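The values are calculated or read from the model by the stated rules, or taken from the named source; none is laboratory data. Since this is a predicted model, take the numbers as computed values, not measurements. Glycine also receives a Cβ, built like all others from the backbone with ideal geometry; neighbour counts cover every protein chain displayed. Calculation scope for accessible area: heavy atoms of the full protein, side chains included, ligands and nucleic acids excluded. Shrake-Rupley method; radii C 1.70, N 1.55, O 1.52, S 1.80 Å.
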Amino acid sequence: MSSSLTTPAAIAQTVTRALADQPVRDMHTHLYPPSFCTPVANATGKTDPAGFMLWGVDELITYHYLIAEVYRVVPATQLPYEQFFNMPKSAQADHIWKHLFIERSPISEACRGVLTTLQKLGLDISDKSLAPARKWFAQQDPSQYVDKVMEIANVDSITMTNAVFDDNERNRWLADKSIGADPRFQAVLRIDPFLCDWPTAAKKMTEWGFPCSQTIDDKTVESARKFLRHWIDLQKAIYVAVSLPPEFRYGAGHASDKVFERIILPVCAERNLPFAMMIGCRRGANPPLRDAADMVGLADVQSVVTLCRDFPQNKFFCTMLARENQHELCVAARKFGNLVVFGCWWFLNNPSLIDEITRMRIELLGLSVIPQHSDARVLDQLIYKWDHSRELIGAVLADKYNDLARTGWPLSEADIKRDVKLLLHDNFVDFLAR
Ligand code: RAT
Ligand code: ZN
């Protein structure tokens, strides 16, 4: 039997080591393997060259979180949004670097993330010049670079977000049947229009050979179910997901109730796939900002409670964007074993909020949560997102283990390793398999 850890220093050291050594299974990202970079013909027959795999210093600096931040200091009256987005990537990065890194200290979490990433890659930016980093990235082979980043971030599997209603993404899956075969990446079928815009979803599915009408009649149910099964199989999706606005309600008689009850949930149950809901994002508050345009709003936890209660055969992942929803969501998870709360999403992915939310979740739910996902859009971001989160999760765990040690409970290194494995890896994998 291994000896008990009793001192705060021994506990902190053991927790830090256990977290560093434990590979993460990252349950939600917007990352893609190199196979998604091949140019494919789009719906109009033109070749669409835009690859989906984003990586390197210019992509890191032009992350949409930083585009929002640079528009705080150089407003659109000085640099119109369209003009910015029409600039070459490197010029966009130069603009952000100048205003957010050189003319003021880069202390926001998104700025700091760029610097942690470059540092952990071993790149020297002490002269604040981007040229050496650009040169270094230009020499990397994309596929080998995926391995390198996964090794540094200690991530053993990357979960993608595969939006089937995005033509560019859909055409890639149709053009290359082996596009999803990279064993480092797993697919997730993302179907926002099913719940946010059924008329468009129905119209598109009809065009694609799955006839659906605007009303949810029996034929439409059959056809939409077929569509879901078809894409789950094609992508080998490990779960099905949506992002929903703050106004989303279940059980209030909206058309989306039927889509849930008759289409999505039966197919998920039949395939034993969890349904993930990310709730609280109001799209397009300032549309010209594109990916950076979205706002946060308070969501309705009761709708999630109703779903978990009325569909005990279904498994649900849920995360919410508003800080004010976090406590109620934790309490909801205490009531339902078929609900797993995950991640500190987007505007919550900041140290003070991760600390607060992780503490509360562990106090209310013990080790039965998935404390974080990266939401990385740029491959290299895995490095900083997981580095920063591991440190924050570690501080919370060390406090909790110290409280435990003070009760006289024997705590071993093996116990800590087991718990950390649950948090970073097995809670996700086991819920998928359950
Ligand atoms: O975090 C993000 O980058 C957002 O833009 C969204 O992609 C969000 O995470 C989502 O999955 O909808
Ligand atoms: Zn996301």
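Can you spot a residue in the range 113-135 that is within 16 Å of ligand 2 (Cβ to nearest atom) and either of a type outside the set (Lys, Arg) or in contact (Cβ under 8 Å) with a residue 40 or more places away in the chain (or both)? Within the range 113-135, one or more residues are within 16 Å of ligand 2 (Cβ to nearest atom) and either of a type outside the set (Lys, Arg) or in contact (Cβ under 8 Å) with a residue 40 or more places away in the chain (or both). Looking across the range 284-317, the residues that are assigned to a helix (DSSP H, G or I) and within 15 Å of Phe260 (Cα to Cα) come down to Ser303, Val304, Val305, Thr306, Leu307, Cys308, Arg309, Asp310.
Take the conditions within 29 Å of Lys385 (Cβ to Cβ) and polar (S, T, N, Q) and apply them to Thr215. Does it pass? Against the criterion (within 29 Å of Lys385 (Cβ to Cβ) and polar (S, T, N, Q)), Thr215 does not qualify.
Counting only residues that are within 16 Å of ligand 1 (Cβ to nearest atom), open to solvent by less than 20 Å² (accessible area, probe 1.4 Å) and over 21 Å from His327 (Cβ atoms), the range 268-288 holds 2 of them.
Conditions tested, residue by residue: (1) without any contact (Cβ under 8 Å) to a residue 60 or more places away in the chain; (2) within 16 Å of ligand 1 (Cβ to nearest atom); (3) in a helix (DSSP H, G or I).
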site: Glu324; (1), (2), (3): yes, no, yes
site: Leu329; (1), (2), (3): yes, no, yes
site: Gly337; (1), (2), (3): yes, no, no
site: Cys344; (1), (2), (3): yes, yes, no
site: Tyr384; (1), (2), (3): no, yes, yes
site: Lys400; (1), (2), (3): yes, no, yes
site: Ala414; (1), (2), (3): no, no, yes
site: Lys417; (1), (2), (3): no, no, yes
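Scanning the range 75-98 for residues that are of a type outside the set (A, V, I, L, M, F, W, C), out of contact with any Ser or Thr (no Cβ under 7 Å at 6 or more places or on another chain) and within 21 Å of Asn286 (Cα to Cα) yields Pro75, Thr77, Gln78, Pro80, Tyr81, Glu82, Gln83, Asn86, His95.
Scanning the range 170-184 for residues that are open to solvent by less than 50 Å² (accessible area, probe 1.4 Å) and either acidic (Asp, Glu) or within 15 Å of ligand 2 (Cβ to nearest atom) (or both) returns a single hit, Asp182. Criterion applied to Asp218, Asp197, Asp233 was being under 24 Å from Val301 (Cβ atoms) and either open to solvent by 30 Å² or more (accessible area, probe 1.4 Å) or modelled with pLDDT under 95 (or both), and the one residue passing it is Asp197. Residue count for the range 112-130 satisfying the condition of being of a type outside the set (A, V, I, L, M), open to solvent by 40 Å² or more (accessible area, probe 1.4 Å) and part of a helix (DSSP H, G or I): 3.
May I ask you to verify whether Ile354 is within 16 Å of ligand 1 (Cβ to nearest atom) and in a helix (DSSP H, G or I)? Yes. For the range 152-169, residues that are open to solvent by less than 30 Å² (accessible area, probe 1.4 Å) and either charged (D, E, K, R) or over 18 Å from Met53 (Cα atoms) (or both) total 2.
Do we have Val40 as of a type in the set (A, V, I, L, M), modelled with pLDDT under 95 and surrounded by 14 or more Cβ atoms within 10 Å (Cβ to Cβ) here? So Val40 passes the test.
Residues that are among the charged types (D, E, K, R) and over 30 Å from Asp375 (Cβ atoms) within the range 194-243 comprise Glu207, Asp217, Asp218, Lys219, Glu222, Lys226, listed in sequence order.
Exactly one residue out of Ala91, Ala68, Ala76 is aliphatic (A, V, I, L, M), in a helix (DSSP H, G or I) and surrounded by fewer than 16 Cβ atoms within 10 Å (Cβ to Cβ), and it is Ala91.
Got at least one residue in the range 95-106 being open to solvent by 50 Å² or more (accessible area, probe 1.4 Å), over 22 Å from Pro33 (Cα atoms), part of a helix (DSSP H, G or I) and not β-branched (Val, Ile, Thr)? Yes, the range 95-106 has at least one match. Of all residues in the range 388-396, one or more are basic (Lys, Arg) and either buried (at least 17 other Cβ atoms within 10 Å of the Cβ) or touching a Gly at 6+ places or on another chain (Cβ under 7 Å) (or both). Looking only at the range 173-192, residues that are of a type outside the set (A, V, I, L, M, F, W, C), assigned to a loop (DSSP other than H, G, I, E, B) and out of contact with any Lys or Arg (no Cβ under 8 Å at 6 or more places or on another chain) come to 6 in all. Sub-6 Å Cβ pairs linking a first residue in the range 294-317 that is among the hydroxyl-bearing types (Ser, Thr, Tyr) to a second residue that is modelled with pLDDT of 95 or more, at least 6 apart or interchain, are Ser303/Arg249; Ser303/Tyr250; Thr306/Tyr250; Thr306/Gly251, ordered by first then second residue.
For Phe137, the test of being more than 21 Å from Tyr384 (Cα to Cα), open to solvent by less than 20 Å² (accessible area, probe 1.4 Å) and outside any loop (DSSP other than H, G, I, E, B) is failed.
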